[in-house]
Amino acid sequence: MLQEESDLSLIIAQIVQKLKGSNLYAQLERQAWASLQRPEIKLESLKEDIKEYFKVSGWEKKLQNAVYSELNVYPLPSHPAAPPEHLKEPLVYMRKAQGSWEKRILKSLNSMCTELSIPLARKRPVGEQKELLNKWNEMGTDEPDLSLFRPVYAPKDFLEVLINLRNPNYENGDSLSFRTHLGLIQVPLKVKDIPELKECFAELGLNTGQLGIDDSTQVPPELFENEHVRIGQKVLAEQDSAAAQQYIRQGSPTALRAELWALILNISSQPEDILYYEQLKMNVIQHDLLVDSLIYKDVKLTASNDDYYFVFEDYLYQVLLCFSRDTSVLGHFAYNSASPPKSYIRGKLGLEEYAVFYPPNGVIPFHGFSMYVAPLCFLYHEPYKLYQIFREMYVRFFFRLHSISSHPSGIVSLCLLFETLLQTYLPQLFYHLREIGAQPLRISFKWMVRAFSGYLATDQLLLLWDRILGYNSLEILAVLAAAVFAFRAVNLMEVTSLAAAEAVLADLSTLKVMPLLQIFLFATVT
């Protein structure tokens, strides 16, 4: 009990400290001063009167949303004496693996620099700045020669690193159970089984109304959809982040989704947010970074060739180029197992006082990175709003899909959860695919790393991302990946090679997410 209280007071102290540096704190302070002029504020009951004023004027709700937002990204409580790296990742072997992976990425980036004789960063000449400013809204028409650039890494390279992960304290002798050797992921992490997942995702149950199922044409819309929309409008009127997060677990109506996601992520576009975006834009105009070419290349290779997303090419450049300059993203490394890469000012190699983070946001884009932004373009048409939503989605969720950690929503745990679900509930299929050299994870890994973006139809993808936001967890990605294999199990039992298995699972664009998840979690005999 005492431990819980001390944990709580520690969390409160740290959240208060963080909020003190925020714009909201300054606004609350201004409001408090302004309220002193009001007749209902009495000196003898000053504290209570100001609290009441905040409640009536809606500022209390804004403060609650800010605290709730912090709690959603806050690392799990650890021992007060634990060093900062434990907040990033408690397991030493995971930290070491992440460190050596980062060195590989940096080596790849530096060798590209050397091969192409291109600096990591340079100031653009004035003429080039003007040209870029003029074509800012139509960068997709630009066709720079990117043939010499290559992605720093692709998901399959990252998978090889995860396959080779081992816990040095774990006995790798013959005494291990037979099952341990079947999957590609060989690290002992605790993952949920189906009964635990059922409890976790209770709102997805067969007896609960779901958008993605109950709004289909066979069911009269007044039975569920109309009522769900009415409740959604009420949630938005209340401006309550926690209520919105609970509500969206049953899916979001298309017309309300953009506002609901912004409410859950606690994003309200203030004039200073628009100004901040404009500053990032000017930074892009003034300086050319090597990662800009990697972003161009990635968009050209992925979103530009996608039937759903090619129309958003210009938005993707704007958002991703600004993202690479945003130093506020560095804050998430406090709870990310990764560390931002460092570079040195020319001629000062090795001198720490001349070290700078490169790129400024600390995130090196990989093949497929732009697909994290593409689906959001359907919801937000103002670049600054699109940018804010993507940045918050990244620092809450997406960073976990390309860093090595033991977090339950981290990619290692997702891979292990996927393999465990298949081994436990579809053992014949798992064993068959393994025997023919088509390990299921080799097929599903790319889906999970991209959070299924570019694989599912957009309406289905947004229904899936509703649930990621609703449950503040990425575990549903592994469940869906296993559900896809279960759905195609009959065809997969017939295949005799990895290529044939990949062909069976090549097109997921016709799949309906919610029925698959419900059948796998709630209609499977366990």
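The values are calculated or read from the model by the stated rules, or taken from the named source; none is laboratory data. Treat the numbers as computed from the prediction; the structure is a model and nothing was measured. Neighbour counts run over all protein chains shown; Cβ positions are idealised from the backbone, glycine included. For accessibility, only protein heavy atoms count, side chains too; no ligands or nucleic acids. Shrake-Rupley method; radii C 1.70, N 1.55, O 1.52, S 1.80 Å.
Counting helices only, and only those DSSP H runs with n ≥ 4, report the 222 nm mean residue ellipticity of the chain as the sum of -39,500 (n - 2.57) divided by its residues, in deg cm²/dmol to the nearest 500. Show your work: numbers first, answer last.
Values: 24 runs with 280 residues, N = 526.
Using -39500 (n - 2.57) per qualifying helix, the result is -16500 deg cm²/dmol.
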(request) Can you tell me the dipole magnitude for segment 253-410 around its Cα centre, using point charges on the Cβ only (Lys, Arg +1; Asp, Glu -1), in Debye to the nearest 20? (result) 400
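Normalised by the residues of the chain, what does the relative contact order come to in percent, with Cα pairs under 8 Å and at least six apart?
Working: 592 pairs, mean separation 100.9, N = 526.
Relative contact order for the chain comes out at 19 percent.
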(message) If the only charges are +1 at each Lys and Arg Cβ and -1 at each Asp and Glu Cβ, what is the size of the charge dipole of the chain around the Cα centre, to the nearest 20 debye?
(response) 1200
(message) Positive end of the dipole of the chain, charges at C-beta (+1 Lys, Arg; -1 Asp, Glu), about the Cα centre: which of Leu461, Asn110, Tyr247 has its Cα farthest in that direction?
(response) Asn110
(message) If you average the alpha carbon positions of segment 76-133 and of segment 134-149, how far apart do those two centres end up, in angstrom?
(response) 24
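Sort the chain into rounded, prolate or oblate with this rule: let a ≥ b ≥ c be the square roots of the eigenvalues of the Cα gyration tensor; rounded if a/c is under 1.5, and if a/c is not under 1.5, prolate when a/b is larger than b/c, oblate otherwise. Numbers along the way, then the final one.
Working: a/c = 1.40, a/b = 1.12, b/c = 1.25.
Here the chain falls in the rounded category.
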(message) Among Ile163, Ala237, Ser497, whose Cα projects farthest towards the positive end of the dipole of the chain, with charges put on the beta-carbon of Lys, Arg (+1) and Asp, Glu (-1)?
(response) Ile163
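Probe of 1.4 angstrom, ligands and nucleic acids ignored: what's the accessible area per residue over the chain, in square angstrom? Spell out each step's value before the answer.
Numbers: 25220 Å² over 526 residues.
That works out to 48 Å² for each residue.
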(request) Rounding to the nearest 20 debye, state how big the charge dipole of segment 392-526 is about its Cα centre with +1 on each Lys and Arg Cβ and -1 on each Asp and Glu Cβ. (result) 160
(message) Run the simple label-point estimate for Ile163 and Ala500 please: 7 Å along Cα→C-beta, distance reported in nm.
(response) 2.1
(request) Please name whichever of Ala81, Cys322, Gln186 sits farthest to the positive end of the charge dipole of the chain, dipole taken about the Cα centre and charges placed at Cβ: Lys and Arg +1, Asp and Glu -1. (result) Ala81
(request) Tell me the label-point distance for the pair Leu46, Lys96, using the 7 Å Cα-to-Cβ offset, in nm and rounded to one decimal. (result) 5.8
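Which of the residue pairs Lys18/Lys51; Lys62/Lys234; Lys192/Lys385; Lys20/Lys55 have a Cα-Cα distance greater than 24 Å in the structure shown? Walk me through the intermediate numbers first.
Numbers: Lys18/Lys51 21 Å; Lys62/Lys234 17 Å; Lys192/Lys385 36 Å; Lys20/Lys55 20 Å.
The pairs that break the limit, which is 24 Å between Cα atoms, are Lys192/Lys385.
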(request) Figure the gain on full extension for Ala13 and Gln31 (residue separation times 0.36 nm, minus the Cα-Cα span) and round it to one decimal in nm. (result) 4.2 nm
(request) Show the residues, 5+ positions off or on another chain, whose built amide H is closer than 5 Å to the amide H of Val356. (result) Ser343, Tyr344, Ile345
(request) Work out from phi, with θ = phi - 60° and the Karplus expression 6.51 cos²θ - 1.76 cosθ + 1.60, the ³J(HN,Hα) of each residue of segment 411-424, listed in order in whole Hz, and give x for Gly and Pro. (result) 5, 5, 5, 5, 4, 5, 4, 4, 5, 5, 4, 5, 4, 6
(request) Distance check, please: which entries in Lys300/Lys446; Lys103/Lys342; Lys96/Lys342; Lys103/Lys300 exceed 20 angstrom between their Cα atoms? (result) Lys103/Lys300
